[in-house]
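K.L.:
The structure follows.
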Amino acid sequence: MRSLKKRRKHLLYGIIIFNLLILACAHLPCYLDKKEMDRVKKVAIFPFRNLTKNPHAREIVTQIFLAELGKSERFEVEELGNIVDFMVEQRLRIGANLDRPRLRVLRKRYKIDAVILGNILAFGEKDSLPYINLTARMVTTDTGKIIWKAFIEKNGDDYIKILNIGKIRSLNQLTTIVVKELINSMG
């Protein structure tokens, strides 16, 4: 009888500690200017800069970001084709910083309030688990001010609840979850 009470007590402590760890790790490092963010209605997502050895990372992350931001209905999202045409016209490389005159052209031509730029720092497997590391930022087209930026680094084990339930085994699935977390950090 006594050992049963002890087990329950230990189980309760274990659950409390586990929940505290989950809450402590749930915070996503980011910066958000809520007042400026509330003014943004339409955004353009520029192709993410791929700093990995995976040649498909840019296309996968950019497309998932476009799809998830569109699903969230948080902003109206400009067509990627228009953004690529703009980059060709302006002779912009992927990952290049946008100066204020180019931001103003985007604002005038496409009625875009802000642009989202990002870097893919890691995209692949690490210790046989999917692994991703991204940075992203949102810049207004009128002032060129950064109004949101975030950093996220996750692997497939980061979502385990208990006994491998919740473990992510696919890089695309992990990317979708990570992108949703980034979008949720926008406020």
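K.L.:
Name the pairs: first residue in segment 49-61 and in contact (Cβ under 8 Å) with a residue 12 or more places away in the chain and of a type outside the set (Ser, Thr, Tyr), second residue buried (at least 20 other Cβ atoms within 10 Å of the Cβ) and in a helix (DSSP H, G or I), Cβ to Cβ under 7 Å, at least 6 apart or on different chains?
P.N.:
Every condition considered, the pairs that remain are Asn50/Ala57; Asn50/Arg58; Ile60/Thr175; Val61/Thr175.
K.L.:
So which residues in segment 66-82 are assigned to a helix (DSSP H, G or I) and out of contact with any strand residue (DSSP E or B) (no Cβ under 6 Å at 6 or more places or on another chain), if there are any at all?
P.N.:
Step one: filter segment 66-82 for residues assigned to a helix (DSSP H, G or I), giving 66-72, 80-82.
Ala67, Glu68, Lys71, Ser72, Leu80, Gly81, Asn82, listed by residue number.
K.L.:
Name the single residue that is nearest to Glu59 (Cα to Cα) among those in segment 93-121 being assigned to a loop (DSSP other than H, G, I, E, B) and hydrophobic (A, V, I, L, M, F, W, C).
P.N.:
Among those residues, the one meeting the criterion is Ile94.
K.L.:
Related question: Any idea which residue in segment 132-147 is surrounded by the most Cβ atoms within 10 Å (Cβ to Cβ), counting only those that are in a loop (DSSP other than H, G, I, E, B) and not small (Gly, Ala, Ser)?
P.N.:
Ranking the qualifying residues of segment 132-147, first place goes to Thr141.
K.L.:
Cys30 is checked against (1) within 28 Å of Lys154 (Cα to Cα); (2) in contact (Cβ under 8 Å) with a residue 24 or more places away in the chain; (3) more than 14 Å from the chain's Cα centre (by Cα) and fails just one. What number does that condition carry?
P.N.:
Checking Cys30 against (1) within 28 Å of Lys154 (Cα to Cα); (2) in contact (Cβ under 8 Å) with a residue 24 or more places away in the chain; (3) more than 14 Å from the chain's Cα centre (by Cα), the one that fails is (3).
K.L.:
Collect the residues in segment 46-92 that are over 16 Å from the mean Cα position of the chain (by Cα), under 21 Å from Ala122 (Cβ atoms) and basic (Lys, Arg), keeping them in residue-number order.
P.N.:
Lys53
K.L.:
Under the condition of being surrounded by fewer than 16 Cβ atoms within 10 Å (Cβ to Cβ) and of a type in the set (Asp, Glu), which residue from segment 148-165 is farthest from Pro101 (Cα to Cα)?
P.N.:
Only one residue fits best here, namely Asp157.
K.L.:
Give just the number: which of (1) crowded, with 17+ Cβ neighbours inside 10 Å; (2) at pLDDT below 95; (3) closer than 17 Å to Ile120 by Cβ does Leu98 not satisfy?
P.N.:
(3)
K.L.:
Hey, among Leu121, Leu129, which residue is surrounded by fewer than 18 Cβ atoms within 10 Å (Cβ to Cβ), at pLDDT 95 or above, touching a strand residue (DSSP E or B) at 6+ places or on another chain (Cβ under 7 Å) and not acidic (Asp, Glu)?
P.N.:
Leu121
The values are calculated or read from the model by the stated rules, or taken from the named source; none is laboratory data. Remember, predicted model here, so these are calculated numbers, not experimental data. Every residue, glycine as well, gets a Cβ built from its backbone with ideal geometry; the counts of neighbours run over all protein chains shown.
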